[in-house]
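Data block below; observations after.
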Amino acid sequence: MVNSTFKEIKKQTLSVAVGISISNDKYSLILDAAELSSQSSTRKLLYNPIIFLPHQKISKQHKLLLAFYGAALGHEQKIEPANGRIIFGDNLSSTKVQLASLIKTVRKIEKEITNMIDKQTAPPLRLNDHCKICEFQEICYAAAKEKDDLSLLKGLSGKEIDQLNKRGVFTVTQYSYTFRPRRAKKVASRQILKHYHSLNALAIRTQTIYIAGKPELPAATTRVYLDVEGIPDENYYYLIGLIIDDGKNVFSHAFWANDKTGEKIIWGSFLEKMEALKDFVLFHYGSYETKFLKLMSAQYGGSSELLKKITLRSFNVLSAIYGKIYFPTYSNGLKSIASFMGFRWSDHNASGFMSLLWRQQWETSDNDILKQKLITYNHEDCQSLRTVVDYLEGLSTSNNFEKYTTKHTDQIKRDKPYNIFRENNFYFPDLEEINRCAYFDYQRDKVYARISPLHRKSITKKAHKFKRNHKINQTINLSRPPKCPQCNAMIPYRHANYSKIVYDIKMHESGIKRWVVKYTFSRFRCKECNKAFVPTIYKEATASKYGQHLMAWVIYQHIGRLKSQHSIIEDLQEIFKYHFPMSIIGDFKTRAASCYKDDYAELWSNLLNSTLIHVDETKVSVRGTTNYVWAFANIDTVYYMHTNTREGDFLKEKLSGFKGVLVSDFYTAYDSIPCVQQKCLIHLIRDMNEDILRSPFDLEMKELGKDFTALLTPIIGTIDKYGLKKRHLHLHERSVLRFFKKIENSEYSSELANNFRRRMVKYRDKLFPFLFYDGIPWNNNNAEHAIKRFVFLRNVINGLSTEESIKENLVLLSICETLRLRNASFFRFLLSGHQ
C-alpha cells in the first residue's frame with residue numbers, strides 16, 4: 001500500500017511541472033522546486049513539499065503528513081528534502097517545518113504498516129483523541145470496553161500504557177490492583193495535586209467514589225453556572241449560557257451571536273447580567289471558560305472593577321475534583337461525571353465535536369432547528385454543571401455519602417511494603433498448606449529437628465526457656481492489720497491465704513541483677529461487721545507485677561539512652577531472662593508520666609518565673625499526620641509540649657504570666673507575644689551568608705553583609721571577654737544606632753539587599769535587646785539543643801506513636817533533659833520514685 005502510494009506520487013511528480021498541485025477535499029500539495037548543486041557539472045531540481053490546510057492551527061499530525069509527502073519525494077529524488085512548508089488558515093499563514101526527525105517517525109510508521117499488511121494482522125487497539133471525530137468510534141469503543149483496555153482511561157498516555165504492558169498490565173481491572181494507598185501528607189497550598197490513574201481504575205472496578213481530599217468550593221448568596229460554545233481554532237465564541245440561582249429563583253440566559261461581529265454584543269450582555277449581581281460565585285468546568293474570560297476581557301474590555309470581580313469570583317469546578325475525588329468514570333469530563341450522577345442530555349450524541357458540526361451546518365443552512373439544538377445543548381451543560389456542584393457542595397459541608405457508594409482513601413487497607421512478606425491468599429486450599437510448610441520457623445522446628453539431633457536439642461532448650469519459673473530471690477510476709485478498716489474492731493481473723501510475684505531488678509555497686517519478690521498475705525474478716533478485706537500495705541506493695549526499679553531501667557533505656565522498644569525487649573531477654581510483651585514499655589511510660597505530672601507542671605512554673613525563655617518548634621508524625629512539638633528552655637530547665645498544628649495562638653495564653661525576655665527565631669507567631677523579645681542572630685547570619693553565596697555578583701548584598709559583620713564582631717569579642725553583662729554590652733548601642741541609620745537611608749537596586757534591609761528594620765527592636773539585659777544570649781542555642789534531643793527520640797519512635805504516647809514521652813523527656821542540664825542522673829531520679 002505504501003509503496004503503491006509512493007509510485008503514484010512518483011508518476012504525478014514526473015508528469016507535472018513545478019507549481020502544479022495535487023489536491024483533495026482537505027489538503028493541497030504543491031511541489032516547490034529548488035536547484036541542487038552537486039560536485040558534478042550537472043544540475044537538477046530538488047522538490048520540497050508544501051501543503052495547504054483549511055485549519056486555523058497546525059498539529060503534529062499535519063507535520064507528519066508533510067513529512068510523508070517529503071519521504072515520498074525523497075524516495076524518487078534519492079535525496080530527502082530538508083524542510084517543507086505548511087500554509088494554513090483564512091489568512092494563509094505560513095510556517096517552515098524541518099523534516100529530518102519527522103521523516104524518521106514516518107519510516108517507523110511505514111514499517112509497522114508494512115508488517116501488518118504482510119502478516120494480515122489488525123493494528124493494536126488504542127483509543128486516542130482522534131476517536132471522537134472518527135466514523136468507527138462506536139465500534140472501537142465497544143471493542144475496547146469488551147477487552148477492558150487501558151486506553152479507556154483518559155489522561156493515560158501511550159507511553160504510560162506501553163510501560164504498563166511491559167509489566168504485564170493490559171486491562172483497567174488489572175491496573176486497579178496496582179494502587180497502593182499513600183500516607184497522608186500535609187500538602188503545600190501551591191503544590192500541584194497528582195492524579196492517580198490506578199485509583200481511578202479501582203473506583204471503576206468497585207463502582208465506588210474515592211475521596212482523597214475534601215473539595216473546597218467558594219460560598220456566595222448567588223450561584224452562577226457558565227458554559228460557552230465557540231470555535232477553538234478561530235478563537236471565536238458564539239454562545240454564552242448562564243443559569244443564575246439566587247436561592248429563591250432560578251433564571252436561564254442564552255446569548256447568541258450570528259457571526260464574529262455579534263461576539264462583542266453577547267459579551268456586553270453577559271457583563272450586564274453579571275453587573276446586576278452583588279454577591280455571586282461563577283462556576284465553570286475546565287479551562288475553556290477561563291480562556292474565554294481572559295480573551296474577551298482583553299479584546300472587548302468593560303468596567304475594570306467588574307472584570308476584576310468576575311475574575312476573582314470565577315471558580316473552575318474541575319480543580320475541586322482533580323486529584324481529590326475519583327469517580328467510577330473513565331475521565332474527569334463533565335459529561336462522564338454528570339452522566340454517572342444520572343443526568344441525561346436530550347440528544348444522546350451531544351458533544352463538543354457535534355456542537356462544531358451543528359454550528360457549521362447552521363452557518364450554511366440558517367436552520368433554526370440547529371440553532372435551538374445548540375442552545376438546548378448549552379443549557380443542559382449548565383444544568384449538568386449545577387448537578388455536579390450540588391454534589392460537591394454536599395460533600396464538603398455535610399459529608400453526605402448516602403446516594404453513592406463512597407469511601408475515603410485512608411479506609412483502603414494498606415498492604416505491607418514488600419510483597420514477599422505479605423500474607424498470601426491462595427485459590428487452592430492445598431497450596432495454602434504447602435506455603436505454610438515453607439515458613440522459616442516451621443522448617444527449623446519441624447523439618448530440621450527430624451534430621452539433626454543437635455538441632456532437636458536446641459529446639460527443646462528454646463521451649464523450656466520460655467516456660468522457666470524464675471527463682472524467688474525474696475519472700476515478704478505482710479503482717480496482720482491491728483484492726484478492721486471499716487469499724488475499727490480489734491483483731492480480725494484470717495479468712496484466706498494468697499501470694500503474688502513481682503518481677504524487678506536490684507541495683508548493686510558492681511552491677512544489676514534480676515530480682516523476683518514473692519509477697520504472701522492473708523485476707524481477713526472482721527468478727528463485728530463481717531467485712532472481708534485485704535491489708536492496705538499489700539495494695540501499695542503489689543500495685544503492679546513489675547517493680548519500680550525495672551520500670552526505671554526500661555524508661556531510662558528508652559528516653560535517656562534513646563533505645564528502641566524492640567531493642568529493650570531483647571535486652572530484657574538476654575540480660576535478665578525476662579520474656580515480657582512489648583506493650584509493657586507503653587504501660588511503664590503511662591505509669592511514669594502520671595507519677596511525674598506534678599514535676600512536669602513545676603518545670604513550666606519555673607520557666608514562667610525566670611528572666612529568660614528560649615522557644616523553638618519541630619514536626620512530629622502521629623500515625624501519618626503531621627503534628628508539632630514545642631521546646632521551651634533556659635539555662636537549666638527544658639519543657640516540651642505537643643500541639644496538632646503550627647498555629648501559635650496558644651502561645652499568648654501559655655506565656656501570659658512571663659515578664660522576662662523571649663528568645664526565638666523569626667517565625668511570625670512569636671511576634672504577637674507581649675514581652676521583650678530577642679531574635680536569634682545566628683538564623684539571620686546564616687540566611688545572609690547563604691544568599692551571598694548564591695548571588696556572588698550582588699555587590700550591594702555583600703556590602704550590607706560586610707557592615708553587619710563589622711557591627712557584630714566587636715560585640716561578640718566583648719561577650720567572649722566579659723560574658724553577657726549589660727554594663728559592658730550597652731557600650732555598643734551607638735554602633736547599632738549608626739548601623740540602622742545607615743541602612744534606613746540607603747537605597748539598594750538589589751532586590752535581595754532590599755529584602756534584608758526591610759527585614760532588619762522590621763525587627764530593629766528585637767535584634768539587640770541582649771545589649772541591655774544581663775544573662776540574655778544573642779542566639780537560640782538552648783531551645784535548638786532541646787529540639788535536637790527530641791529529634792533523636794523522634795527517630796527512635798519512627799512515627800508510630802499515638803498522640804497520648806507522644807505527650808507521655810514529652811513529660812519524661814522534659815524531666816530527663818532538665819536533669820541533664822543540672823548535671824543530675826535521670827536514672828537515679830527514676831529509681832528514687834520521687835514525685
Cα gyration tensor category, rounded, prolate or oblate, for region 174-307 with a/c compared to 1.5: prolate
Magnitude of the charge dipole, region 105-234, Cβ model with Lys/Arg +1 and Asp/Glu -1, debye to 20: 1200
Charge dipole (debye, nearest 20) of region 501-593; +1 at Cβ of Lys and Arg, -1 at Cβ of Asp and Glu: 420
Accessible area of region 626-784 divided out per residue, in Å², using a probe of 1.4 angstrom: 52
For Y667, net neighbour charge (Lys/Arg +1, Asp/Glu -1) across residues whose Cβ lies under 12 Å away: -3
Nearest-ten-degree value, helix 100-119 long axis tilted from longest Cα axis of the chain: 90
Probe 1.4 Å, all protein chains present, accessible-area order of K166, K308, K766, largest first: K166, K308, K766
Area of H566 that stays accessible when all protein chains are in place (1.4 Å probe, Å², to 10): 110
Å² of accessible area per residue within region 139-293, as computed with a 1.4 Å probe and no ligands counted: 53
Listed residues A552, T611, M490: farthest to the positive end of the dipole of the chain (Cβ charges): M490
Between region 111-134 and region 623-673, the alpha-carbon center distance in angstrom: 65
Area of Y69 that stays accessible when all protein chains are in place (1.4 Å probe, Å², to 10): 40
Portion, in percent, of the accessible area of the chain that falls on carbon or sulfur, probe 1.4 Å: 51
Equivalent ellipsoid semi-axes, the chain, via Cα gyration tensor eigenvalues times 5, rooted, Å: 72, 43, 33
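Mind ranking L295, L73 by accessible surface for me, highest first, 1.4 Å probe?
L295, L73
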Amide H contacts of V97 (H built 1.01 Å from N, under 5 Å, at least 5 apart or other chain): G84, R85, I86
With DNA, RNA and ligands ignored, accessible area of I501 (1.4 Å probe; Å², nearest 10): 70
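Do the alpha carbons of any pairs in K278/K309; K483/K518; K518/K545; K659/K679; K264/K335 sit beyond 20 Å of each other, and which pairs?
Those over the limit are K483/K518; K264/K335.
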Histogram of C-alpha separations across region 251-295, 5 Å bin width, %: 5, 16, 24, 30, 19, 4, 1
0 to 90° range, to nearest 10: angle between helix 699-722 axis and the chain longest Cα axis: 0
Size of electric dipole in the chain: Cβ of Lys, Arg +1 and of Asp, Glu -1, about Cα centre, debye, nearest 20: 4980
Counted charge near K679, where neighbours are those whose Cβ lies closer than 11 Å (Asp, Glu -1; Lys, Arg +1): +1
On Cα atoms only, tilt of 681-694 relative to the major axis of the chain in degrees: 30
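The values are calculated or read from the model by the stated rules, or taken from the named source; none is laboratory data. What you see is a predicted model, and the numbers here were worked out from it, not measured in a lab. In this analysis, Cβ positions are derived from the backbone assuming ideal geometry, glycine residues included, and neighbour counts consider all displayed protein chains. Just the protein is used for accessible areas: all its heavy atoms, side chains included, with ligands, DNA and RNA removed. Shrake-Rupley method; radii C 1.70, N 1.55, O 1.52, S 1.80 Å.
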